[in-house]
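Asker: Structure in structure tokens, see below.
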Amino acid sequence: MVDVTTGVVMTEEMIKASQVGMKAIGAGMAVGLTGIGTGLAEMSIGAAAVGAAAENKDMFGLALLFTVIPETIVIFGLVVALLLLF
Amino acid sequence: MAQAMSGPAPYIYVCTRTRVRKAKLLPPEEYARMLNMSIHEITRFIEETEYKKEIDELGTSFSGIDLIETALSWNLAKEYQNILDITPGTLKVFIKAYLRHWDIQNILTLLRGKMQGLRPGKIKEVLIPAGSLDRVFLDRLLMEETPERVAETLKGTDLYHIVNREISRAVEAGTFSHMENELYKEFYAGLLDIARAGLKGGSQFLSFIQLDIDITNIRNLFRLRADQFVENIRSMMIPGGSFSVDELQQMYVIKDQNEFIETLQKRMTVKPVQEALEAMKGARSGHEIDVGLTRSQLEQMERMSKINPFSVHPILVYLERKRYEVVNLRAIARGKESNLSADRIRACLVI
């Protein structure tokens with residue numbers, strides 16, 4: 001096969017290797033981007049949780065629970081990454 | 001450290017803390033219960049709330065109404081200073097500037113006390129060191145013999161130039177009202193400058209200050225109209241709000257009370273204030289008007305804090321709510337001490 005943009009002839013092995021690389025990039029992006037999303041969400045919730053727990057220690061458990069709820073986003077990302085890789 | 005931090009996290013942190021504290025304030029039904037209690041029962045009751053530490057600390061030195069008053073003042077000052085400590089970045093600038101009105105209140109109380117020859121201990125009971133002038137500095141002022149000496153000791157503070165300029169005139173006239181007007185005008189002008197300085201969150205602070213100025217001007221207009229002895233009220237009005245000073249002067253001279261209220265309603269687009277003004281039509285006492293305006297101001301502040309949940313508004317709302325909790329508790333305690341009826345005391349409460 002000839003790559004029309006570069007004019008380089010690609011062998012079957014090269015195509016397979018390229019596909020594996022693309023999958024790895026996709027998996028990395030799935031984890032990385034969801035990680036950033038989780039971080040942004042947890043920033044606000046965490047700040048509020050620390051504020052609430054500082055005023056009322058009984059809220060600590062509930063505050064912690066709320067803070068980790070956005071972790072689900074990164075878990076979804078991880079699942080997608082694992083599905084891509086295996 | 002807080003100043004080095006960026007992003008909304010510090011705002012969210014402090015706003016949440018103030019919201020939790022606001023939720024801990026006494027609910028309206030507790031005031032109703034307290035109206036049926038004696039002074040000792042009220043002391044015991046507030047000892048079970050956020051005022052425990054102060055009541056325990058002062059219990060050996062004071063008793064009865066003095067204990068309640070002093071504990072409330074100490075708690076208020078401590079609370080305000082604590083809020084200032086946890087507030088980050090530009091919010092601190094706004095809060096610090098806003099709390100300066102306690103300095104004005106303290107200095108005026110001190111000057112009036114000195115003028116009347118009250119002993120320092122008595123004056124100290126009513127001082128609330130919640131502003132930039134701390135307890136140590138106020139103690140130094142308390143030791144001064146005359147109002148002139150107090151003014152001299154203020155050298156180096158923001159208030160010095162106005163107090164020093166006005167003191168001889170005030171002592172001569174025997175009243176500090178002109179000085180009070182000047183101090184508050186300068187205070188609000190300073191707040192407006194800070195709000196317009198381009199700091200982050202300045203526009204929200206500006207809206208809060210303008211509401212405060214409007215309510216103060218409207219309250220003063222009602223009071224002046226009830227007295228009806230001044231021709232020109234321009235010098236008593238605070239510029240910078242929704243109304244110009246000339247506009248306020250024009251409103252002041254409107255003869256009919258209902259017409260005056262309608263003119264205010266047309267200009268004041270804030271819904272809670274409009275509703276409060278509507279309720280003021282007809283014969284109402286000056287005190288009821290005062291309380292009604294304060295309630296509407298607090299309601300509008302609440303609304304603003306919900307529109308901007310992570311701004312200076314929730315903090316300022318808490319500061320004001322806390323202030324009125326102390327005012328209410330003091331009113332109940334003082335009312336009980338003077339054997340006033342429950343209805344009479346209830347009318348003075350800002351709930």
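The values are calculated or read from the model by the stated rules, or taken from the named source; none is laboratory data. Every value quoted in this text rests on a predicted model; they were computed, and no experiment measured them. Please note: Cβ atoms are built from the backbone with ideal geometry, for glycine as well, and neighbour counts cover all protein chains shown. The area values use the complete protein model at the heavy-atom level, side chains included, leaving out ligands, DNA and RNA. Shrake-Rupley method; radii C 1.70, N 1.55, O 1.52, S 1.80 Å.
Asker: Which of the residues that make up segment B:308-345 are among the hydrophobic types (A, V, I, L, M, F, W, C) and not in a helix (DSSP H, G or I)? Please lay out each step first, then the result.
Answerer: Our first condition is that a residue be among the hydrophobic types (A, V, I, L, M, F, W, C); within segment B:308-345, this holds for B:310, B:312, B:315-317, B:319, B:326-327, B:329, B:331-333, B:340, B:342, B:345.
If the condition is that a residue be among the hydrophobic types (A, V, I, L, M, F, W, C) and not in a helix (DSSP H, G or I), then B:Phe310, B:Leu340 are the ones that fit.
Asker: So, one more: Taking only segment B:253-281 into account, find how many residues are part of a helix (DSSP H, G or I), open to solvent by less than 20 Å² (accessible area, probe 1.4 Å) and of a type outside the set (Gly, Ala, Ser).
Answerer: Kept after step one, since they are part of a helix (DSSP H, G or I), are these residues of segment B:253-281: B:257-267, B:271-279.
Checking the rest, the ones that are also open to solvent by less than 20 Å² (accessible area, probe 1.4 Å) come to B:260-261, B:264, B:272-273, B:276-277.
Restricting the remaining residues to those that are of a type outside the set (Gly, Ala, Ser) gives B:260-261, B:264, B:272-273, B:277.
Residues flagged as part of a helix (DSSP H, G or I), open to solvent by less than 20 Å² (accessible area, probe 1.4 Å) and of a type outside the set (Gly, Ala, Ser) within segment B:253-281 amount to 6.
Asker: Something else now. So which residues in segment A:33-45 are more than 11 Å from chain B (Cβ to nearest Cβ) and in contact (Cβ under 8 Å) with a residue 12 or more places away in the chain?
Answerer: Across segment A:33-45, the qualifying residues are A:Leu33, A:Thr34, A:Gly35, A:Gly37, A:Thr38, A:Ala41.
Asker: Further question: For segment B:303-345, what are the residues that are of a type in the set (Ser, Thr, Tyr) and either open to solvent by less than 10 Å² (accessible area, probe 1.4 Å) or in contact with a Cys (Cβ under 7 Å, 6 or more places away or on another chain) (or both)? Please lay out each step first, then the result.
Answerer: To start, the set of residues in segment B:303-345 that are of a type in the set (Ser, Thr, Tyr) comprises B:305, B:311, B:318, B:324, B:338, B:341.
Across segment B:303-345, the qualifying residues are B:Ser305, B:Ser311, B:Tyr318.
Asker: Are any residues in segment B:127-160 open to solvent by less than 70 Å² (accessible area, probe 1.4 Å) and either among the basic types (Lys, Arg) or under 24 Å from B:Val327 (Cα atoms) (or both), and if so, which ones? Don't jump to the end; show me each part of the working.
Answerer: Start the filter on segment B:127-160 by keeping residues that are open to solvent by less than 70 Å² (accessible area, probe 1.4 Å), which leaves B:127-131, B:133, B:137-139, B:141-142, B:144, B:146-147, B:150-151, B:153-154, B:157, B:159-160.
B:Leu127, B:Ile128, B:Pro129, B:Ala130, B:Gly131, B:Leu133, B:Leu138, B:Asp139, B:Leu142 - these are the residues of segment B:127-160 that are open to solvent by less than 70 Å² (accessible area, probe 1.4 Å) and either among the basic types (Lys, Arg) or under 24 Å from B:Val327 (Cα atoms) (or both).
Asker: For segment A:46-53, indicate whether the set of residues that are away from chain B (no Cβ under 14 Å) and open to solvent by 70 Å² or more (accessible area, probe 1.4 Å) is non-empty.
Answerer: Going residue by residue through segment A:46-53, those that are away from chain B (no Cβ under 14 Å) are none.
Checked against the condition, which is being away from chain B (no Cβ under 14 Å) and open to solvent by 70 Å² or more (accessible area, probe 1.4 Å), segment A:46-53 yields no hits at all.
Conditions (1) among the basic types (Lys, Arg); (2) over 24 Å from the mean Cα position of the chain (by Cα), marked per residue:
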position	(1), (2)
B:Leu154	no, no
B:Lys185	yes, no
B:Arg196	yes, no
B:Val230	no, yes
B:Leu248	no, no
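Asker: Given the conditions (1) of a type in the set (A, V, I, L, M); (2) open to solvent by 60 Å² or more (accessible area, probe 1.4 Å); (3) under 21 Å from B:Ile104 (Cβ atoms); (4) within 23 Å of the chain's Cα centre (by Cα), which single one is not true for B:Ala173?
Answerer: All conditions are met except number (4).
Asker: Out of A:Leu64, A:Leu82, report the one residue that is more than 30 Å from B:Lys22 (Cβ to Cβ), surrounded by 12 or more Cβ atoms within 10 Å (Cβ to Cβ), away from every other protein chain (no Cβ under 14 Å) and free of Cβ contacts under 8 Å to residues at least 60 places away in the same chain. Before the answer, list the steps.
Answerer: Details: A:Leu64 fails: more than 30 Å from B:Lys22 (Cβ to Cβ).
Just one listed residue meets the conditions, A:Leu82.
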